[in-house]
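**Q** This is the structure, below, for whatever I ask next.
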Amino acid sequence: MDGDVDVGAGPLPRSVPDSSPGRIDLIVREGRGRLGGTMFLDLLIQRARANGRRVKPMDGDLKSRTLSTLYPSKDPRGRAIEDGASSPVSDDIAHQKDWIQEQLNQMTEDRVSRILDLSGGDRVMQELVLDLMLKDFCGDFGIGLTNIVMLGPDVEDFNHAMERFKAEDSRGDRVIFVLNEGVIRQGQTTEGAFTTIIKHPDFVAALKGGAQYILLRRLSCMHVLRERGIGFYDAAAGRPDRSGAKVPPTVQHMTKVWLGAFERSSEDIAEWLP
């Protein structure tokens, strides 16, 4: 038997086929930092690419530069990498707005989806909305605008997110609340941690208004994948990391199960994602 065959690994979860091949999407992450937003955007990027769809990361978080590290724009020899992350020249609001507008202009020409991580850039988006009317711009140029709102169990974070949500001119018609199990404190149950939020009148009203929510399960081996520099789909498929070694079978299995849970939870919003 071929030594590369992973006995018992099973098929990888696949996303719902794209019913509109010509469409492109702009994904904008909202909500405070420390809620796993960048990790979730990374998952969306990997998911799109694993299914043969192009997407370009936009890294506006110049403090952590996580997406730029994961998706560099140049290789070690200085050659451009297709669909590498772009960034503004500084965190100055004017520079960030110019950068976003430049990327939007490119989207209308290259027709490649973008995923935007501002990490707390509420003011940038507020000013951009006033200058550009982002929702209307996306509608005029055939760009699907999806707002990702990251939530943990903290009610104060939820209240902050809802203030932004109620500013209708700053968001599209597609809003996804991501309840991240990964930021729950030890000892809390998932159901107990998010009950207050799920039953909150503002949250209920948002869902009645067309928003959707998903529960993002905890991936306890996340640190192993990050340390080894391997993506979720490569780990789940049993492919080697950058050192040529595969992750342990337990890590492979946990990652595959986690991806499968995400696909099942996101079935209703699949067409909102790149």
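**Q** Fewest to most neighbouring Cβ within 10 Å: what's the order for Lys246, Lys166?
**A** Lys166, Lys246
**Q** Can you give the Rg to Rh ratio for the range 152-223, taking only C-alpha atoms and Rh from Kirkwood?
**A** Rg divided by Rh gives 0.99.
**Q** Grab the Cα-Cα distance for Ser243 and Ala167, subtract it from 0.36 nm times how many residues apart they are, and report the gain in nm with one decimal.
**A** Net length gain for the segment: 22.6 nm.
**Q** A follow-up question, please. Out of Gly229, Leu116, His160, whose Cα points farthest toward the positive end of the dipole of the chain (charges: +1 Lys, Arg; -1 Asp, Glu; placed on Cβ)?
**A** Gly229
**Q** As a test of the definition: which semi-axes, in Å, follow for the range 222-263 when you take the square root of five times each eigenvalue of its alpha carbon gyration tensor? Largest first, please.
**A** So the three semi-axes of the range 222-263 are 16, 10, 8 Å.
**Q** Can I ask one more? Any idea what the relative contact order of the range 168-274 is, in percent, if you count C-alpha pairs under 8 Å spaced at least 6 apart?
**A** This gives 25 percent for the range 168-274.
**Q** Arranged from highest to lowest average of other beta-carbon atoms within 10 Å per residue, in what order do the peptides 138-151, 223-236 appear?
**A** By packing density, highest mean first, the sequence is 138-151, 223-236.
**Q** May I pose another question? For the range 71-155, just the Cα atoms, rotate onto the principal axes and tell me the three extents in Å, largest first.
**A** 45, 35, 24
**Q** In nm, give the distance between the simple-model label positions of Leu215 and Ala261, each being 7 Å from the Cα along the Cα-to-Cβ direction.
**A** 0.9
**Q** Quote the relative contact order of the chain in percent (integer), defining contacts as alpha-carbon pairs under 8 Å separated by 6+ residues.
**A** This gives 24 percent for the chain.
**Q** Using DSSP H assignments, which helices in the chain have an axial alpha-carbon span of 18 Å or above and a mean Kyte-Doolittle hydropathy of -0.5 or higher?
**A** Helix filter hits for the chain: 37-50, 249-265.
**Q** Could I ask something else about it? In which sequence would His253, His95 go, from the one with the fewest C-beta neighbours within 10 Å to the one with the most?
**A** Taking fewest neighbouring Cβ atoms as first place, the list is His95, His253.
**Q** Can you list, bin by bin at 5 Å, the percent of alpha carbon pairs in the chain, starting at 0?
**A** Per 5 Å bin, starting at 0, the Cα pair percentages come out as 1, 5, 12, 16, 19, 17, 14, 9, 4, 2, 1, 0, 0.
**Q** Pop the C-beta distance of Asp131 and Val155 into the FRET formula with R0 = 35 Å and round what comes out to the nearest 0.05.
**A** 0.60
**Q** How are the alpha carbon pair distances in the range 135-274 distributed across 10 Å bins from zero to the largest one, expressed in percent?
**A** 10, 33, 31, 21, 6, 0
Coordinate-derived values only; no laboratory data. As the structure is a computational prediction, the values presented were derived from the model and not from experiment. Heads up, the Cβs are rebuilt from the backbone with ideal geometry, glycines too, and the neighbour counts pull from every protein chain shown.
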